[in-house]
Every structure is written in structure tokens, then in C-alpha cells.
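Please read the structure below before turning to the comments.
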Amino acid sequence: MREPSVAGYEHSTAFESGYLSVGEIHTIYYEQYGKEDGKPVIFLHGGPGGKTTPKNASFFDPAIYRVILLDQRGCGKSTPAADLRENTSHHLVSDVEVLRKHLKIEQWMVFGGSWGSTLSLLYAQMHPQVVESLVLRGIFTVRRSELDWFYKGGISQFRPQEYEAFINHLPEDQRDDPMSAYYKLMTSDDADTRLAAARAWSGMELCASNLYLDEEALKMLEDDVWVLAHSSIEAHYFNHGAWIEDGELLRRENIAKIRHIPTTIVQGRYDLVCTPKTAYDLHKVFPEANLIWIPDAGHSAEEPNTKRELIDVCDQLGKSN
């Protein structure tokens, strides 16, 4: 019998929420949970194109942590929804800094999984002096090899039906470069074309994100706002390599900037979205980081043993200061 999911810590409602203008186009939304004068931690969600929910605070003990949840540009409650203008990795890094200064936080713990691990690494390498510790899960560095694995058929060795549905959504003469073909569909002038492509794109990712298929997660495909933001922003970022040079986050000179930061890497052995090799590649250039393998988990942070480990890591970091 499968073990029930781990609930994590319960939090009362957010003690603060608000919007911050970050330019002429975008306004970002944030919430704060837990202890108002507690140890600050920012949760950086996945995607790009995901969003935060109150459940994201459950990794952190409310008696210890001041938890900040941020909806990245175009995501969740940030406005305008799914807008691709002025929406790049470096804009997001700037937004995180704007929020830190707005909240008058000198240093904080940075917690990110999947795309959130990418953004966490980039932010820490650009602003190492304000990062107290890093907790990274499901490592993703946007290298071409990582993107090709998922979108050019590597994953079809494990999820053949789902990949077939994904690739068959495209005209046969456009299947050699599915990321580009999907990007064209998701920036079409026709709303139905955009939505159909977004569902096909997100459907494959949701099917691949858990060791056991999560039927509840698949219901997210019924949320037109989420599916359009998630898919179009992902396609936008991936078609531009997230504006990060291939391998940039793993370069020794960039790792040297964060080598002093206590860092924990939590990686599912059967992660089909962000494969274990990337976590191993990061650990090889950053051996000071603690690499924890979850032997019976895929990609999702909500898989029981992954969530237990992440909670335990945050509990230990909470006690260390």
C-alpha cells in the first residue's frame, strides 16, 4: 500500500500579503507566513510559470521561520497574467532583490526546487552576500542537454504514451524542434490554439512529475489561467535558454562565489523531469554541498520521502542559528 503524503507544518493565514510594482509592465505578488520576527526564508517556485500556494509554507516550522512566498512575473496572482514582455531570468533575480529590500531583510535562506533551483543558484551567484543558506531540490540548470532529454524524446523511454501524445500534437514536419513549434503555437493570435498547445505541453510534464501518477495534479489542466501561464512562460524561457549561457551555473568561477554558503541538494533517484545527472554534476563542482538522494522518489517535492527530507533539512537549519 502506498504511504499517504506528508502534510508538513500547518500555518495560519498569511500575516501579510501585498503587491510590488517592478517596472512599467509587471506587478509581483507575495505573502508572508509563520513567525513575523523569525528566520526569513524565500520559497522560489518551479516552472518557470508555476505559482505559490499556502501549502508551500508547510516545509517550514512556523515557530522558527518567517516564510515568504513570491509569485514570479506573469504567474499566480502577479499581474499581468502570463505576460512574456520583460520576463527573463535576470528580471526575476532583480525582483527577488526588490522584495528582500522591501521587507527589510538583511540575509535569508533561499529554498527552490526544479526551476526554483535554477533561480536560486542564479540569485545566489549574483547576490551571495545576502544568502544565508540554500536548499535545492530537483536540480535544473537549463543546459541544452537537459532540455533535449525532456522535449526531444529521452523521456519517451519511460513515458512513451505521454510523449507520443505530446509530439503528435504538432504537425509532422515540426517535430524535430518541439520546443520551438510549441512556442509558436502558444504565442498564436488564436486563443483556442494557445490553450490546446498549453494543455498538451503541461500534460506531459504533470504525468512525468511523480513516481506514481498523481491524478489530483492532473486536475490543474482544467485551470485555463494556470495552464496558459505555466506553459507559455516555460516555452518562452526554454526557447531562449532562460538567458543563461549553457553550463553557466555550473562553472567553477560561479560556484566559487557561493562555495561558502551552506547548501543542501535533495534529489529523487527517479526524477524524469530534472534527471539525477544534473544534481550529480552540481555536486562534483560543489562538493561542499550536502547531496541527499531519495531512493524511491521522482520529481515532485510532495512525494512522501522527499518532503520528509526537505522538512528535516529545514528543521536542522532552523536550529543551527
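Throughout, read-outs are computed from the coordinates displayed, never taken from laboratory work. Because the structure is predicted, anything quoted here is derived from the model rather than measured. For neighbour counting, all protein chains shown are included, and Cβ atoms are generated from backbone atoms with ideal geometry for every residue, glycine included.
To the nearest 0.05, how large is the calculated FRET efficiency for Ile25 and Arg175 if R₀ is 25 Å and r is the Cβ-Cβ distance? Walk me through the numbers on the way to the answer.
Numbers: r = 34 Å, r/R0 = 1.35.
Once the sixth-power term is evaluated, E becomes 0.15.
So what's the net charge close to Pro295: Lys and Arg +1, Asp and Glu -1, counting the other residues with Cβ under 12 Å from its Cβ?
On the way: positive: Arg269; negative: Asp271, Asp296, Glu303, Glu309.
Result for the local shell: -3.
For Ala217, project a label point 7 Å along Cα to C-beta. Then give me every residue of segment 300-321 with its amide nitrogen under 20 Å of that point.
Answer for this model: 300-312.
Give me the one-decimal nm value for the distance between modelled label points at Ser156 and Ala256, 7 Å along each residue's Cα-to-Cβ direction.
Distance between the two pseudo-spin positions: 4.3 nm.
Just to be sure I understand the model, the point goes 7 Å from the Cα along the line to the Cβ. What's the resulting Glu288 to Thr193 distance in nm?
Result: 5.1 nm between the two label points.
Dipole of the chain (Lys/Arg Cβ +1, Asp/Glu Cβ -1, origin at the Cα centre): which of Tyr280, Gly154, Ser89 lies farthest to the positive side?
It is Tyr280, whose Cα lies furthest towards the positive end.
Could you tell me the largest-minus-smallest coordinate of the C-alpha atoms of segment 1-106 on each of the three principal axes, in descending order and whole angstroms?
Per principal axis, max minus min of the Cα coordinates gives 46, 38, 21 Å.
What do you get when you divide the Cα radius of gyration of segment 145-242 by 2.2 N^0.38 Å, with N the number of residues? Provide the component values of the computation, followed by the final result.
Working: Rg = 12.7 Å, N = 98, 2.2 N^0.38 = 12.6 Å.
Working it through for segment 145-242, the quotient is 1.01.
From the phi angles alone, apply the Karplus equation (6.51, -1.76, 1.60; θ = phi - 60°) to segment 86-93 and give each ³J(HN,Hα) in whole Hz, x where the residue is Gly or Pro.
6, 10, 9, 4, 6, 5, 5, 4
Quick one: what are the phi-derived ³J(HN,Hα) couplings along segment 51-63, Karplus 6.51/-1.76/1.60 with θ = phi - 60°, whole Hz, x for glycine and proline?
With the stated coefficients, segment 51-63 comes to 6, 9, 9, x, 4, 5, 6, 6, 6, 10, 5, x, 7 Hz.
Calculate I(q)/I(0) for segment 276-321 by the Debye formula, one identical point scatterer on each C-alpha and no solvent, and give its log10 at q = 0.15, 0.19, 0.20 Å⁻¹ to two decimals.
Result of the Debye calculation: -0.47, -0.72, -0.78.
In 10 Å bins starting at zero, report the fraction of Cα pairs in segment 176-321 per bin as a rounded %.
10, 29, 33, 22, 5, 0
With the Cα gyration tensor of the chain in hand, give its eigenvalues times 5 under a square root as the equivalent ellipsoid semi-axes, listed largest first in whole angstrom. Spell out each step's value before the answer.
Details: eigenvalues 168, 98, 79 Å².
Over the Cα atoms of the chain, the semi-axes work out to 29, 22, 20 Å.
Which of the peptides 245-252, 227-234 is most tightly packed, and how do the rest follow, going by the mean number of other Cβ atoms within 10 Å of each residue? Don't skip to the end; give the middle numbers.
Values: 245-252: 15.5, 227-234: 25.5.
Packing order, densest peptide first, comes out as 227-234, 245-252.
Roughly how big is segment 145-242's charge dipole about its Cα centre, with Cβ charges of +1 (Lys, Arg) and -1 (Asp, Glu), in debye to the nearest 20? Can you show the working numbers first?
On the way: 7 positive and 19 negative charges, 31 e Å.
I would put it at about 160 debye.
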